[in-house]
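Scroll down for the structure; my scribbles are underneath it.
The values are calculated or read from the model by the stated rules, or taken from the named source; none is laboratory data. This one's a predicted model, so the numbers in the text were calculated from it and none came from an experiment. Backbone-built Cβ (ideal geometry, glycine too); neighbour counts: all protein chains shown.
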Amino acid sequence: MRRIGIDVGGTNTDAVLIEEGKVIRAVKAPTSEDVTTGILDSLRSLGATGVLKGKGIDGVMIGTTHFINAVVQRRHLTKVAALRLGMPASASLPPFCDWPEDLAALVRGGVWMVEGGHEYDGRPFMPLDEAAVTTAAQEMKAAGLKSIGISSIFSPLDPSHERRAAELAAKVMPDAVITCSSDLGRIGLLERENAGLLNAALADLARDTIAAFEQAIRDSGIDAPLFITQNDGTVAEASQARRLPVYSFASGATNSMRGAAYLSGLQDAMVIDVGGTTTDVGQLKHGFPREANSVVKVGGVRTLFRMPDLLSIGLGGGSHVALDPLKVGPLSVGYRLLKEGIAFGGKQLTTTDIAVAAGLLALGDKAKVAHLDAATCRKVFDEAARLAEEAIDRMKTEAGDVPLIAVGGGAFLIPNKLPGVSQVIHVEHGDCANAVGAAIAQVSGECDQIFKDLSRTEALSAAQGIANDRAVSAGAARATLKTIESEDMPLAYLPGNSVRVRVRVVGDVAGS
Amino acid sequence: MPLRDISLDDIESLAVGAWVLGTGGGGSPYLGLLNMRALYKEGHRVQLLPASELADDDWVAAVSNMGAPLVGQERLTDSRTIARAVALMERHTGHTFRGIMALEIGGGNSIQPLMAAAHLKRPVIDSDMMGRAYPEAQMTSVAVGDLRPCPLTSVDVRGLESVVEKVPTWKWMERVSRKICVEYGSIASTCKAPRTGAEVKKWGIHGTTTKAIAIGQAVREAQRKHEDPVDAILKVEPGRVLFRGKVVDVERRATEGFLRGRTKFDGMDDDRGSTFEIAFQNEWIVAWRDGVPVAMSPDLICVLDSVAGEAVGTETIRYGQRVTVIALPPPPVFLSDKGLQHVGPRAFGYDIDFKSVFA
């Protein structure tokens with residue numbers, strides 16, 4: 001099995017080649033504004049020693065923070081027409097009602113609410129008002145909207161109204177991109193609808209970004225399928241990621257933690273990922289990031305996504321350093337480090353300059369930072385260590401010392417000894433941990449169907465069997481399969497003892 | 001100044017505190033809060049009146065949404081629906097209500113009287129009839145006091161309206177009104193039997209809106225200061241920590257308009273090696289530690305997110321969540337023999353003698 005993992009970060013685009021479970025080569029290139037150039041550069045650099053020649057590549061797995069950054073930074077978002085089926089219920093809380101005002105103003109292209117939806121037991125709540133859906137679509141078209149987010153009451157139980165409304169809208173607007181909330185999941189109208197609206201808002205960006213990824217791979221002469229890594233540490237084919245970009249929201253963080261586990265061989269540890277601008281602290285449990293407990297907000301919007309539980313602080317390799325009074329971060333020069341850092345001829349003192357002065361990094365011009373004496377460097381490192389220690393302590397779930405894996409380009413800021421930590425582990429290729437995590441991303445299998453006249457246990461185990469088989473046929477090794485979601489919803493209205501069961505399993509790629 | 005204004009910040013706190021007092025049920029107050037934010041934005045304001053200010057012959061409306069919390073996550077509560085249930089009761093009985101009170105302070109129903117009050121321009125009475133959340137109509141202080149159970153109005157967002165004019169007992173009221181609710185789609189806005197000022201003063205559980213606001217303020221303050229929010233709750237309420245752990249199994253069944261099931265937990269920290277299990281009927285009812293019952297209704301069993309301190313509901317709790325289970329003392333009215341008949345463990349089908357965590 002030969003796979004290339006790529007992480008397109010805000011600062012760097014990292015690439016690794018993994019062959020039969022070993023990292024063969026890992027490289028970094030600056031991220032480019034057009035994305036393609038950065039990926040091409042990193043692939044060119046990856047292949048510079050000829051490692052890509054000869055044997056074929058089984059897949060290129062790309063992880064990116066593009067989609068979540070677009071929402072957080074309110075950039076590249078598409079105006080969305082929200083169509084909710086369920087009137088007269090829920091009318092006082094229309095779509096976008098709990099969004100931050102600035103984001104709503106950017107994304108809200110219009111709201112249409114029509115009769116439709118279902119009851120908890122599968123009966124229709126109101127018949128779908130097909131004429132109103134068609135009228136709404138005509139108004140959306142007249143308003144110049146091109147992306148539609150459709151939600152319907154109890155659509156996770158019965159998606160038929162959403163599907164029908166999508167058909168009707170497509171008749172009026174054949175080129176529109178349509179997101180149905182039932183594709184995103186679960187009970188909770190507002191949160192499911194929010195996920196659908198965010199997904200719809202990413203329609204243009206997802207199309208362009210994935211086209212750029214495909215172009216870069218083609219241009220680099222690699223003949224391999226493209227996969228995009230998802231929040232849960234699995235991969236999706238490019239076409240599915242284009243349709244449902246929200247599932248790839250938090251994959252950067254997941255990849256870096258999975259990469260840290262892989263490179264260190266540890267399954268249970270704290271992970272600190274020090275980038276250029278921020279540091280993320282999380283916890284590995286059985287090789288996977290611990291998930292956030294509560295409702296996850298993305299760019300201020302409530303969703304039902306399962307995301308790694310991370311604490312982010314403003315500390316990184318590009319952090320501004322002030323000496324009097326001493327202050328490290330949270331401002332950062334980010335990707336402009338190679339221009340603005342003092343060691344590179346710039347004017348802003350950064351943590352990287354300190355590391356160059358202390359002899360930890362061989363970058364830039366050491367003479368330019370010769371005025372920084374050992375005591376000054378010590379003070380800055382101590383402050384960075386204090387910030388890291390505080391973050392680690394807040395994320396620990398148990399008392400006592402735990403091992404800590406330090407990864408990311410700024411991992412030099414983490415000392416070999418920290419209070420509350422039994423051992424600090426710096427790993428080879430740790431600066432490319434997210435690309436490694438992308439390369440080893442797993443394969444999933446899902447079963448979502450209604451079972452009749454079975455006990456809960458029987459229905460769950462039947463669904464589990466189906467999901468397992470699907471994961472294996474998608475390339476997973478059976479012995480590594482693990483259930484990550486298991487949900488059953490009784491359907492009291494249907495005859496017999498009916499229950500809808502959703503099971504999702506993941507496993508390592510066979511042979512990796 | 002007996003009548004006091006409720007600020008939007010108070011309502012934000014109420015939403016957090018009432019969810020804790022919801023003991024897993026009552027529905028998340030979040031959607032009620034969103035309705036109130038919208039109403040306050042439109043210029044509506046609500047005031048709070050202590051029950052002691054009521055005249056004996058005043059009439060008070062007691063309101064709640066009934067149904068399965070799961071349904072409330074999809075058919076989102078609309079402030080106008082509960083106001084319609086009160087208006088229907090006024091038309092039906094000819095009474096003019098002095099104020100509006102909550103049937104249950106736990107969960108989303110803590111905010112229903114505020115929504116009705118905003119539309120009808122009456123004060124909210126600072127009392128309720130449960131001091132927490134409970135799944136059934138006879139599980140109230142007024143039912144323990146054998147006050148008249150009828151009439152009841154029940155309305156649905158589609159315009160369906162029903163009046164239950166006469167029933168002999170609270171149990172009958174539960175059976176009949178529940179059937180209506182299930183037919184509506186397991187969610188209905190209801191106005192319970194109107195109460196006189198004298199009845200509210202004698203049988204109401206007092207100061208509970210203020211109490212929920214205080215709990216919510218403590219949690220929000222602790223979150224802001226990055227302090228332990230569970231400790232913060234225990235500073236304003238005389239509660240006890242029962243267990244810290246993570247969810248390892250959730251079993252749910254939707255039956256006759258209720259959500260029933262069990263949740264199992266494995267211990268963490270000091271509770272490592274122990275298991276914990278809580279049975280629920282909309283609300284957390286009985287808790288076992290290593291197979292031994294350790295807490296039960298009417299004691300309040302509250303499952304809290306260990307990090308955020310916010311309550312975790314029976315319909316949303318899921319595998320892997322890290323939680324702290326605490327108990328809070330029950331309203332004294334439920335501790336009498338009559339009270340325990342209504343809300344003790346046997347009222348939920350558990351053949352266990354009630355023993356309070358606080359005994």
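Listed values, structure above:
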| read-out | value |
| --- | --- |
| Residue match in the stretch B:181-189 (condition: in a strand (DSSP E or B), touching a Cys at 6+ places or on another chain (Cβ under 9 Å), buried (at least 20 other Cβ atoms within 10 Å of the Cβ) and polar (S, T, N, Q)) | no |
| Verdict on residue A:400 being on the phi > 0 side of the Ramachandran plot, in a loop (DSSP other than H, G, I, E, B) and not polar (S, T, N, Q) | yes |
| Failed criterion for residue A:211 (all others in (1) crowded, with 19+ Cβ neighbours inside 10 Å; (2) more than 17 Å from residue A:435 (Cα to Cα); (3) at pLDDT 90 or above; (4) hydrophobic (A, V, I, L, M, F, W, C) hold) | (1) |
| Flag for residue A:337 being touching a residue at least 24 places away in the same chain (Cβ under 8 Å) and closer than 26 Å to residue A:245 by Cβ | no |
| The stretch A:244-268: number of residues that are surrounded by 24 or more Cβ atoms within 10 Å (Cβ to Cβ) and either in contact with a Pro (Cβ under 7 Å, 6 or more places away or on another chain) or of a type in the set (D, E, K, R) (or both) | 5 |
| Residue among A:318, A:314, A:346, A:341 that is in contact with a Lys or Arg (Cβ under 7 Å, 6 or more places away or on another chain) and at negative phi | A:346 |
| Residue A:48, sole failed condition from (1) more than 30 Å from residue A:139 (Cα to Cα); (2) outside any helix (DSSP H, G or I); (3) touching a residue at least 60 places away in the same chain (Cβ under 8 Å) | (3) |
| Unique residue being in contact with a Ser or Thr (Cβ under 7 Å, 6 or more places away or on another chain) and either under 30 Å from residue B:73 (Cα atoms) or surrounded by 15 or more Cβ atoms within 10 Å (Cβ to Cβ) (or both) when the list is A:361, A:338, A:310 | A:361 |
| Candidates B:247, B:219, filtered to the one that is surrounded by 22 or more Cβ atoms within 10 Å (Cβ to Cβ) and either assigned to a strand (DSSP E or B) or within 13 Å of another protein chain (Cβ to nearest Cβ) (or both) | B:219 |
| Residue within the stretch A:475-491 that is among the hydrophobic types (A, V, I, L, M, F, W, C), at pLDDT 90 or above and not assigned by TED's automatic domain parsing to the domain that holds residue A:12 present | yes |
| Identity of the residue in the stretch B:60-86, over 18 Å from the mean Cα position of the chain (by Cα) and either surrounded by fewer than 20 Cβ atoms within 10 Å (Cβ to Cβ) or among the hydroxyl-bearing types (Ser, Thr, Tyr) (or both), that ends up nearest to the other protein chains (Cβ to nearest Cβ) | B:80 |
| Residue selected from the stretch B:312-349 under the condition assigned to a loop (DSSP other than H, G, I, E, B) and of a type in the set (D, E, K, R), by the criterion surrounded by the most Cβ atoms within 10 Å (Cβ to Cβ) | B:315 |
| Which numbered condition residue A:223 fails, given (1) assigned to a strand (DSSP E or B); (2) surrounded by fewer than 24 Cβ atoms within 10 Å (Cβ to Cβ) | (1) |
| Lone unmet requirement of (1) closer than 12 Å to residue B:23 by Cα; (2) of a type outside the set (Lys, Arg); (3) surrounded by fewer than 20 Cβ atoms within 10 Å (Cβ to Cβ) for residue B:241 | (1) |
| Enumeration of residues in the stretch A:281-307 that are touching a residue at least 60 places away in the same chain (Cβ under 8 Å), of a type outside the set (A, V, I, L, M, F, W, C) and within 23 Å of residue A:12 (Cα to Cα) | A:282, A:299 |
| Selection within the stretch B:308-332 - among the polar types (S, T, N, Q) and either more than 10 Å from every other protein chain (Cβ to nearest Cβ) or touching a helix residue (DSSP H, G or I) at 6+ places or on another chain (Cβ under 6 Å) (or both) | B:314, B:324 |
| Within the stretch A:59-90, considering residues that are free of Cβ contacts under 8 Å to residues at least 60 places away in the same chain and under 17 Å from residue A:155 (Cα atoms), the one farthest from the other protein chains (Cβ to nearest Cβ) | A:87 |
| Out of A:127, A:100, A:94, sole residue that is surrounded by fewer than 19 Cβ atoms within 10 Å (Cβ to Cβ), over 21 Å from residue B:31 (Cβ atoms) and within 14 Å of chain B (Cβ to nearest Cβ) | A:127 |
| Residue among A:216, A:211 that alone is assigned to a helix (DSSP H, G or I), in contact (Cβ under 8 Å) with a residue 24 or more places away in the chain and among the hydrophobic types (A, V, I, L, M, F, W, C) | A:216 |
| Residue that is nearest to residue B:201 (Cα to Cα), among those in the stretch B:95-110 that are touching an Asp or Glu at 6+ places or on another chain (Cβ under 8 Å) and of a type in the set (Val, Ile, Thr) | B:105 |
| Selection count, the stretch A:88-126, where residues are on the phi > 0 side of the Ramachandran plot and not small (Gly, Ala, Ser) | 1 |
